[in-house]
Amino acid sequence: MSILTDISTNLQAGKAKVVKELVQQALDAGIPVKEILDDGLLSGMNIIGKKFKNNEVFVPEVLVAARAMNHGAEVLKPHLVDANVKAVGKVCIGTVQGDLHDIGKNLVKMMMEGKGIEVIDLGTDVPAEAFVKAAREQGCQIICLSALLTTTMGMMKEVVEAVKEAGIRDQVKIMVGGAPVTDAFCQQIGADAYSPDAASAAERAVEFLTAEPA
Ligand code: B1M
């Protein structure tokens with residue numbers, strides 16, 4: 001069995017400590033970080049997702065798998081940092097109110113930090129006002145929103161509205177992502193950019209932060 005299959009299998013079994021060790025072994029063996037993430041960690045998470053959908057596993061099993069995923073990703077974190085990165089700006093990120101999924105958000109945060117962006121992580125279940133407060137008080141140039149549920153993605157519109165009401169819409173970009181979110185939805189709610197994955201979200205954020213003022 002390859003080490004990547006091993007990572008996937010142990011992640012599905014929720015063995016966080018073993019997953020951490022295997023990820024380190026994979027790095028030591030020179031396997032590229034993206035391969036470890038895609039073919040080890042995310043592959044395991046996808047299998048758990050399918051089993052969850054088919055009622056073959058339930059919330060407790062998914063929770064321990066998610067914990068193992070986050071532990072494994074932490075080991076990859078230092079390797080996601082580009083060499084010679086300069087500080088490019090400040091972003092606040094969170095999973096919207098009512099939603100507790102944080103794996104995608106954490107990956108976006110890691111990729112952004114790897115590009116020299118300072119990321120204020122507001123966590124999960126974050127109300128619209130908390131995004132506005134963070135943007136105002138901490139001077140975030142971008143608000144990044146994650147949602148994994150069709151029932152919570154509507155909260156993204158509330159954040160856009162709250163930012164408008166606070167009178168700071170022209171100072172802050174709003175980026176959105178998460179499995180049920182689409183580019184059409186992004187446009188419909190008046191956000192600035194949709195990204196399908198963590199790497200493209202980080203690239204888009206850098207584009208916003210380094211753009212010449214209009
Ligand atoms: Co939940 N869950 N879950 N869950 N869960 C899903 C999302 C679901 C699709 C499973 C299913 O039924 N097939 C389903 C949603 C259905 C729907 O709304 N259409 C679902 C459900 C129903 C639920 C509960 C309601 C179940 C219940 O209690 N009956 C409940 C809701 C709790 C709540 O939030 N209020 C629930 C609970 C949970 C757990 C707590 C057990 C656990 C979360 C643990 C955690 O996150 N710490 C969990 C998990 C793990 C999943 C699945 C299995 C995996 C999600 C995940 O982490 N994927 C998921 C099934 C699936 O996706 N196949 C499922 C990996 C992650 C890397 O992908 O987050 O999409 P993702 O991130 C991607 C991109 O989307 C993008 O970058 C990432 C990778 O590059 N991205 C962004 C994400 N955020 C971004 C933000 C950006 C840009 C890009 O900003 C700019």
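The values are calculated or read from the model by the stated rules, or taken from the named source; none is laboratory data. The shown structure was predicted, so the numbers you read here are calculated from the model rather than taken from an experiment. All Cβ positions, even for glycine, are placed from backbone atoms using ideal geometry, and neighbour counts span all protein chains on display. Note: areas computed on protein heavy atoms with side chains; ligands, DNA, RNA excluded. Shrake-Rupley method; radii C 1.70, N 1.55, O 1.52, S 1.80 Å.
Would you be able to say whether some residue in the range 141-155 is more than 9 Å from the ligand (Cβ to nearest atom) and free of Cβ contacts under 8 Å to residues at least 40 places away in the same chain? Looking through the range 141-155, at least one residue is more than 9 Å from the ligand (Cβ to nearest atom) and free of Cβ contacts under 8 Å to residues at least 40 places away in the same chain. Of the residues making up the range 103-137, those that are at pLDDT 95 or above and either of a type in the set (S, T, N, Q) or open to solvent by 50 Å² or more (accessible area, probe 1.4 Å) (or both) are D121, L122, T124, D125, E129, K133, R136, E137.
Would you tally the residues in the range 72-102 being at pLDDT below 85 and near the ligand (Cβ under 8 Å from one of its atoms)? Steps first, please.
So in the range 72-102, the residues at pLDDT below 85 come out as 80-87.
From what is left, the residues that are near the ligand (Cβ under 8 Å from one of its atoms) are none.
Residues that pass the stated criteria total 0.
The single condition among (1) within 9 Å of the ligand (Cβ to nearest atom); (2) open to solvent by 50 Å² or more (accessible area, probe 1.4 Å) that V181 does not meet is (2). When the test is whether a residue is without any contact (Cβ under 8 Å) to a residue 24 or more places away in the chain and at negative phi, K133 passes it.
Within the range 17-66, the residues that satisfy the criterion of being surrounded by fewer than 16 Cβ atoms within 10 Å (Cβ to Cβ) and among the basic types (K, R) are K17, K34, K50, K53. If you go through the range 189-214 and keep only what is free of Cβ contacts under 8 Å to residues at least 12 places away in the same chain and more than 13 Å from the ligand (Cβ to nearest atom), you end up with A211, E212, P213, A214.
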